[in-house]
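Below is one structure; the comments refer to it alone.
The values are calculated or read from the model by the stated rules, or taken from the named source; none is laboratory data. Just so it is clear, the model here is predicted, and its values are computed rather than measured. Note: ideal-geometry Cβ built from the backbone for every residue, glycine included; neighbour counts use all protein chains shown. All accessible areas refer to the heavy atoms of the entire protein, side chains included, with ligands and DNA or RNA removed. Shrake-Rupley method; radii C 1.70, N 1.55, O 1.52, S 1.80 Å.
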Amino acid sequence: MGRRFRVVAIFMVTVLATAWPAHAQEVVSSQRWPDQRQHLLAGHYIGQVRDSDRENQPCEYLDADLDLRFSRRDDEIERTYLLVLKCPEDPAMNRKLESTWWDDVIAGDCLILQPELGPNPEHPWNEGKLFGFRIEDDASALYQDGGSCEAADERDANVGLRRVPFPFDAGSGNR
């Protein structure tokens, strides 16, 4: 019985060992934005985002100015952003946020902005994920998709950011 168990165990390990690299390769090749291409996402985007915590309230839709940054030193990658949010109805709601971003595979590639951890930990923007965006194939636009691409909301349908040259002149029509 012990010999039969060893033969079956060796067979199973062999089958799994040969199948695993194919599975791992399939997962990596399915991403449109692997680490080697993420530097192409860096740039300046403007448009609107939706604060889902303010549904049907003033400042639910905010003007957004996003600067995505990417740098690589040796094997270390740094992805940071600066997001300026403006509320035309209530300037007291204007915010400037700065933290990190990453690309996650959630039903396709999703660019996720990590919230900054500020002095007020109870602020709703200090939770795990701030905004999630579907990435246009050529990185010319980012389309908001729920809080983190996990729960799509029909109210996000027309919300997104388009890439603009940086630096830009707000009066030149780039906005």
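If I ask for residues that are on the phi < 0 side of the Ramachandran plot and either at pLDDT 95 or above or open to solvent by less than 40 Å² (accessible area, probe 1.4 Å) (or both), which ones from region 107-119 would you list?
Of the residues in region 107-119, the ones on the phi < 0 side of the Ramachandran plot are 109-119.
Within region 107-119, ASP109, CYS110, LEU111, ILE112, LEU113, PRO115, GLY118 qualify.
Within region 62-106, being out of contact with any helix residue (DSSP H, G or I) (no Cβ under 9 Å at 6 or more places or on another chain), part of a strand (DSSP E or B) and open to solvent by 40 Å² or more (accessible area, probe 1.4 Å) holds for ASP63, ARG69, ARG73, GLU76, GLU78, LEU82, LYS96, GLU98, THR100, ASP104. Here GLU89 meets each of (1) within 25 Å of SER140 (Cβ to Cβ); (2) touching a residue at least 12 places away in the same chain (Cβ under 8 Å) with one exception, condition (1). For region 44-61, the tally of residues that are open to solvent by less than 40 Å² (accessible area, probe 1.4 Å) and not in a strand (DSSP E or B) stands at 3. Scanning for something modelled with pLDDT under 85 and of a type in the set (Ser, Thr, Tyr), does region 55-66 turn up at least one residue? No, region 55-66 has no match at all.
Taken over region 44-92, residues that are touching a Leu at 6+ places or on another chain (Cβ under 9 Å) and of a type in the set (S, T, N, Q) amount to 2.
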